Ligand code: AQP
């Protein structure tokens, strides 16, 4: 391998307004890795088109997602921040890896099952092969670790299987990546249906807290969150709504479940929901202020996209040149 440093890769789709699920499960943790790893954080616009997008919105959200990366504390001097479609090697490697991925493996992916149920009128081949593009994203950089929410663990495991299969044919071609699932914020659930993941593409805006929601909206959404007929704030089986709110509160305050139970002992759900809304809104306020500044400077964001793509391309080309040779493609 050509690496002199361990590599960390992750990405977020510009497929909607980012949620506190994306924030707590992924982006907030990304900056933790930049001291120990060479980090690549990508806005994965090619993944976003597996479901229909309005072109102008996709373009706008691509800028917004990059601005949010930086607003959430990712320093472009310490992290390579870029847009997937600016590095064509992602799509090239995805094609090659498609030929080393089995139909049966892809059929078992739970996200494909969920998304094809949700978009029954558009079950396209891209939706089916999405995990191969994700494997290409990761393997292109000879990635060692992939910080993701637990919902993406199955896809990282598939990337490992594909890499192992490819290496068994072409030894030493690809690094086998490990997922890193943060313990806090593993899976933030919908406020309306707490057995379902909070997702940016949810049609019910009250089920989702967006990173850019203002304080009143955040508080209103938590106040309306579905709970149960009990009145006691405690983490227990069957109390999905309260468990989710406690997880969110714990993520923002660093408190354990026992500490939270103690803090709200004798208080009702109303007080607890207000407290969750307040800590969440207060944590998001500085991110929102920085985001507004960054988004106002479109030329600055474009300069970053260009610089990030150049940095990423350097690594991507090295892997592709090796892979092309190993496979038997003629190099000129
Ligand atoms: N609810 C969540 N809890 C914890 N982590 C989450 N992530 C997403 N939702 C939650 C993590 O965020 C990262 C980026 O996700 P993505 O944009 O690539 O796609 P996704 O997982 O499909 O996210 P969404 O919000 O559900 O998008 P849509 O609605 O477009 O499908 C990943 O690391 C993910 O684990």
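Derivation of every value follows stated rules applied to the coordinates shown; laboratory data play no part. These numbers come from a predicted model, not from an experiment. So basically every Cβ, Gly included, is an ideal-geometry build from the backbone, and we count neighbours across all protein chains shown.
The table below lists the values:
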{"item": "Label-point separation in nm, residue 164 to residue 103, each point 7 Å along Cα→Cβ", "result": "2.4"}
{"item": "Stokes-Einstein translational diffusion, the stretch 191-245 - Kirkwood Rh over all Cα pairs, 1.002 mPa s, 20 °C, in µm²/s", "result": "180"}
{"item": "Kirkwood-Stokes translational diffusion coefficient of the stretch 184-319, alpha-carbon pairs, 10 °C, 1.306 mPa s, µm²/s", "result": "94"}
{"item": "Pairwise label distance in nanometres, residue 306 with residue 271, each label 7 Å out on the Cα-Cβ vector", "result": "5.7"}
{"item": "Sites residue 57 and residue 298 - FRET efficiency at Förster radius 22 Å, r taken between beta-carbons, to 0.05", "result": "0.85"}
{"item": "Mean-position separation - Cα centroids, the stretch 48-91 and the stretch 237-308, in angstrom", "result": "22"}
{"item": "Scattering profile of the chain at q = 0.07, 0.11, 0.12 Å⁻¹ [log10 I(q)/I(0), Debye over alpha-carbon scatterers]", "result": "-0.30, -0.73, -0.86"}
{"item": "Distant alpha-carbon pairs in the stretch 248-322 (separation over 13 angstrom), percent", "result": "77"}
{"item": "Residues of the stretch 166-199 with amide N under 20 Å of a point placed 7 Å along Cα→Cβ from residue 153", "result": "176-190, 194-199"}
{"item": "Where only C-alpha atoms are counted, convex hull volume of the stretch 77-207 per residue in Å³", "result": "148"}
{"item": "Stretch gain in nm, segment residue 121-residue 318, where the contour uses 0.36 nm per residue and the Cα spacing is subtracted", "result": "67.0 nm"}
{"item": "Intensity falloff of the stretch 1-119 expressed as log10 I(q)/I(0), Debye formula with alpha-carbon point scatterers, at q = 0.16, 0.18, 0.23 Å⁻¹", "result": "-0.93, -1.13, -1.38"}
{"item": "Rounded to 10°, Cα long-axis angle of helix 298-327 versus longest principal axis of the chain", "result": "50"}
{"item": "Estimated FRET transfer efficiency when R0 is 56 angstrom, pair residue 257-residue 325 (beta carbons, to 0.05)", "result": "0.60"}
{"item": "Acute angle (nearest 10 degrees) that the helix 89-98 long axis makes with the longest principal axis of the chain, alpha-carbon atoms", "result": "80"}
{"item": "Cα-based helix-to-principal-axis angle, 55-71 vs the chain, degrees rounded to 10", "result": "70"}
